[in-house]
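Written below as structure tokens is the structure these notes are about.
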Amino acid sequence: MQPTSPLVLLTALTAVLPAVAQDWLPIPTPSSPGVRNRAVMVTDAAGVAALFGGVLPLSGTYPQDTWTFDGTAWTNVSPAIQPSARTMHAMAHDVGRGRIVLYGGYAAVTTGPLYPTDTWEWDGTSWTRILTAHNPGVRPSLAMAHDQARGRTIAYGGWAPLTLPAVVGTWEYDGVDWVQMPVSIDPGPRREAAMAYLPGKGTVLCGGLAHDETWVYDGASWTPETHLAHPPEVRLATLVLDPGTNELVLFGGTESRPFGTASVDRTWHYDAITGWRELHTATRPGPRTAHASGFLPGHGIVVNGGYDTATGSTYGDTWVLAGTRGTYSTWGAGCQGSTGVVTLTPQTGSVPDLGATLRLDLDHLPTAPGLFAMVSTFAAAPTAIDLSAVGMTGCYGFLAIASGAIAEFRAHAGGVGSWSLAIPAATGLLGVRIHQQALSLDPGAPNPASAAVSNAGTLVIGQ
């Protein structure tokens, strides 16, 4: 073994394994909602995507229909009773009650309100109008998401049709009524923004007309975030939670440019630790804005419809963001050190993807400041290796270090330690697998070697 950077190991691994990337893939379907934009799609409690409303640009009509998508086929399930035809509305899945909540929009019809302020719920088979004592008022193009931890549907922003400017206002819906929240600081007037809930973080809002900031709402206040890398000023994009990785995925929209605007097909990931990073895929759905998007279990992030502001092209196709994300798994068991069994764990939300930083925690190190080593290798040992022969009684090694390994020493301040690895955005690293185990230099360890080892971990680089 030699003390050097694990980046050397990654460079050497570039061509070891075949690449398995996350990519956008078109889904051929026997039927579909047709060419439309400004529809809204949300996944329900049964894991089926439900889409409602929008605009059919080829005919200039506003459909009053409900479609579901199971990953293979679209089905028109429009019941006899459902919301009026509309666009610029918002929907969110109330996870606790198993209902999709719909609010507001623009109707553009001669019957009923032009700008409805009604609240509807979809239970997977039927729509029910909820008669609330209060509501957020007229605000088409508002953003909406459901706070799973607090059981509240959050609505923010929108625009005032008569005077056109964007509006402010944070509203919460509990399944019975809407309440405006008395927040002292908020993102300000915002229309056509994207918003989604990230477990462990809060309700995340980004973009909107003339905005590129990211804000987080915790149920009491809004907090602005600063990220070196973040999506540019974009509106009419979609922001969807991928529960498998606990990340938000932002796709498409209309970006502001020095000399106008343009629809884009960029994909961004947001996690609670590192913030934003752009995902570079080999295949893209094509520039589009005002599309519908949701997460479908067993498939991934699904996108349907939209249009391209530059070419005027409108779409009715369906795409899915599929493939392999990076993973980190732990196995085996550490041995007793002076403060307990040494344990290696990845930080919550930390994923070994291209362009990301993997962060690991090490617990039960000596109370006094000292050193530990992270050992990385291509191969795991076929069976656990008893380390009693080197004085580490009760400890086991899980790496095949005879085939080559790298050890990197890090200092710790006592008790706990951390290790991180910035993974280059080199596609040749996709699918690379690395096994790891930490060695704690511990004078108080109950063995002659005065050292202890952790459990083992395996990382697989994804995108």
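Miscellaneous remarks
- Filtering L344, L321 for residues that are touching a residue at least 24 places away in the same chain (Cβ under 8 Å), more than 30 Å from N37 (Cα to Cα), hydrophobic (A, V, I, L, M, F, W, C) and in a strand (DSSP E or B) leaves a single hit, L344.
- Filter result for T283 (surrounded by fewer than 23 Cβ atoms within 10 Å (Cβ to Cβ), touching an Asp or Glu at 6+ places or on another chain (Cβ under 7 Å), farther than 23 Å from M88 by Cβ and hydroxyl-bearing (S, T, Y)): yes
- Check on I461, within 26 Å of G275 (Cα to Cα) and in contact with a helix residue (DSSP H, G or I) (Cβ under 7 Å, 6 or more places away or on another chain): yes
- Residue list for segment 245-259, restricted to those being surrounded by fewer than 21 Cβ atoms within 10 Å (Cβ to Cβ), over 10 Å from the mean Cα position of the chain (by Cα) and modelled with pLDDT of 85 or more: S256
- Residue in segment 64-85 that is in contact with a Pro (Cβ under 7 Å, 6 or more places away or on another chain) and closer than 23 Å to T170 by Cα present: no
- Only one of the numbered conditions (1) buried (at least 19 other Cβ atoms within 10 Å of the Cβ); (2) modelled with pLDDT under 95 is not met by M392, and that is (2).
- Answer residue from segment 11-42, given it is farther than 29 Å from S263 by Cβ and touching a strand residue (DSSP E or B) at 6+ places or on another chain (Cβ under 8 Å) and is modelled with the lowest pLDDT among those: L17
- Selected residue (criterion: nearest to the chain's Cα centre (by Cα)) from residues of segment 408-424 that are surrounded by 14 or more Cβ atoms within 10 Å (Cβ to Cβ) and not in a strand (DSSP E or B): I423
- Screening segment 340-382 for residues that are among the hydroxyl-bearing types (S, T, Y) and within 28 Å of the chain's Cα centre (by Cα) and picking the one that is farthest from T274 (Cα to Cα) gives T343.
- Within segment 444-463, the residues that satisfy the criterion of being in contact with a Phe, Trp or Tyr (Cβ under 8 Å, 6 or more places away or on another chain) and either more than 18 Å from L421 (Cα to Cα) or modelled with pLDDT of 95 or more (or both) are V453, N455.
- Residue selected from segment 24-52 under the condition among the β-branched types (V, I, T) and within 25 Å of the chain's Cα centre (by Cα), by the criterion surrounded by the fewest Cβ atoms within 10 Å (Cβ to Cβ): V48
- Scope segment 81-99; condition charged (D, E, K, R), surrounded by fewer than 24 Cβ atoms within 10 Å (Cβ to Cβ) and part of a loop (DSSP other than H, G, I, E, B); matching residues: R97
- Residue count for segment 327-340, restricted to those that are in contact with a His (Cβ under 6 Å, 6 or more places away or on another chain) and not small (G, A, S): 1
- Restricting attention to segment 120-142, the residues that are surrounded by 24 or more Cβ atoms within 10 Å (Cβ to Cβ) and either without any contact (Cβ under 8 Å) to a residue 12 or more places away in the chain or under 20 Å from D174 (Cβ atoms) (or both) add up to 4.
- Answer residue from segment 430-442, given it is outside any loop (DSSP other than H, G, I, E, B) and closer than 13 Å to T458 by Cβ and is farthest from the chain's Cα centre (by Cα) among those: Q437
- You will find that of A452, A445, A402, the residue that is outside any strand (DSSP E or B) and crowded, with 23+ Cβ neighbours inside 10 Å is A445 and no other.
- Residues in segment 305-322 include at least one that is modelled with pLDDT under 90, surrounded by fewer than 18 Cβ atoms within 10 Å (Cβ to Cβ) and at negative phi.
- From the list D212, D242, D265, D218, the one residue that fits, being under 12 Å from the mean Cα position of the chain (by Cα) and of a type in the set (D, E), is D242.
- Matching strands (runs of 3 or more DSSP E) fully within segment 247-308 where at least 3 residues are farther than 18 Å from T203 by Cα, assigned by TED's automatic domain parsing to the domain that holds A50 and of a type in the set (A, V, I, L, M, F, W, C): 300-304
- Restricting segment 337-367 to residues that are of a type in the set (G, A, S) and out of contact with any Ser or Thr (no Cβ under 9 Å at 6 or more places or on another chain), the residue that is surrounded by the fewest Cβ atoms within 10 Å (Cβ to Cβ): G340
The values are calculated or read from the model by the stated rules, or taken from the named source; none is laboratory data. Values in this document were obtained by computation on a predicted structure and should not be read as measured data. Cβ atoms come from the backbone with ideal geometry, glycine included; neighbour counts cover every protein chain shown.
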